[in-house]
Every structure is written in C-alpha cells, then in structure tokens.
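See below for the structure under consideration.
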Amino acid sequence: MIFQPLAGVIGVAVLLALAACEAPKATDADENAAHMETIRGTVSYRERMALPPEARIEVSLVDISLADAPSTTIAATEIRPQGQVPVPYALSYDPGRIEDRHSYALQARITSGDDLLFITTTMNPILTGGADNTDLVLERVGG
C-alpha cells in the first residue's frame with residue numbers, strides 16, 4: 001500500500017515529462033513563412049564583362065499602381081553572386097499584400113560598392129495582369 005501513492009507521483013511526473021516533449025506550437029513568424037510565395041528567375045545583362053567580386057544584386061517586387069507617386073516595395077532580396085550572369089534569384093513575398101486591382105513589377109540593380117553598374121530600364125509586369133517574365137535583363141549605367 002505504500003507504493004500506491006508513489007506510483008501516482010511517478011505517473012504524474014511521466015505525464016509532465018511527455019507534455020514537455022510535445023511539438024512546439026507555430027509562432028507568428030512560422031505561420032507567415034508558411035504563407036509566403038516565391039518568385040524565381042534570373043538576372044543578366046548583354047554586355048561582355050565580368051561582375052566584380054564585390055558585386056551585389058538586388059531584386060524587388062514593387063507596387064507601381066500610382067502613376068504620380070513613387071513605387072512601394074512589397075519585397076526585396078539581395079544576392080552576392082558566386083559566378084557570372086545569368087544569376088538565379090528567389091524572391092519571397094506575402095501574397096496578402098497583393099491586391100487584384102493594383103499593378104506590380106520586378107526591378108533589379110547590380111552595384112559594386114557605392115557604384116550602380118546595371119539596372120532594369122523596362123517595366124517587368126508580374127502577378128496581376130502582367131506577362132510574368134521573371135528573367136530580368138539589365139542595362140549598363142554610364143559608359
């Protein structure tokens with residue numbers, strides 16, 4: 001009879017230990033990541049020149065709906081290319097920020113330090129009523 005209360009204590013301890021091992025609950029960050037969508041494509045240019053080792057590529061998804069106002073950045077990613085063009089990119093964005101009546105485009109730029117080397121010069125519509133071309137061809141800045 002002495003062991004019966006001890007068995008109850010051990011049973012409670014085992015249950016508490018199992019509860020502690022339960023899978024962690026999803027956080028807001030986990031839920032947001034699960035709802036993200038990704039645009040994939042490449043960045044390139046036509047000039048026959050190598051990217052400098054310190055080059056950075058930035059690709060942005062922007063809302064271009066308002067004609068007389070600056071575009072609003074929805075998402076952006078920065079890439080440090082390991083090779084030459086075409087450079088692949090993956091741009092994650094929250095589809096909850098996309099509105100059917102708005103217009104969106106992809107923009108890209110290549111910099112080296114503080115110098116702008118290449119930039120998109122044409123509109124690259126995406127998502128709503130666009131051509132959805134995710135392979136971006138940039139133009140050289142300056143000469």
Problem set entry | Considering residues of segment 115-134 that are open to solvent by 80 Å² or more (accessible area, probe 1.4 Å) and either outside any loop (DSSP other than H, G, I, E, B) or at pLDDT 95 or above (or both) only, the residue farthest from Ile74 (Cα to Cα) | Asp115
Problem set entry | Residue satisfying all of: in segment 63-102; touching a Phe, Trp or Tyr at 6+ places or on another chain (Cβ under 7 Å) and not in a loop (DSSP other than H, G, I, E, B); nearest to Tyr45 (Cα to Cα) among these | Ile79
Exercise. Taking the condition under 30 Å from Met49 (Cβ atoms) and loosely packed, with under 11 Cβ neighbours inside 10 Å, does Gln82 pass?
Worked result: yes
Exercise. Which residue out of Glu58, Glu47 is part of a loop (DSSP other than H, G, I, E, B) and among the acidic types (Asp, Glu)?
Worked result: Glu47
For this session: Return a yes/no flag: does segment 99-117 have any residue that is closer than 15 Å to Thr38 by Cα, in contact (Cβ under 8 Å) with a residue 12 or more places away in the chain and of a type in the set (Val, Ile, Thr).
Result: no
Exercise. Within segment 83-92, is there a residue that is of a type outside the set (A, V, I, L, M, F, W, C) and modelled with pLDDT under 95?
Worked result: yes
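The values are calculated or read from the model by the stated rules, or taken from the named source; none is laboratory data. Since we're looking at a predicted model, the values are computed, not measured. Using ideal geometry, Cβ is built from the backbone for each residue, glycine included, and neighbour counts are taken over all protein chains shown. Keep in mind that these areas ignore ligands, DNA and RNA; they rest on the heavy atoms of the full protein, side chains included. Shrake-Rupley method; radii C 1.70, N 1.55, O 1.52, S 1.80 Å.
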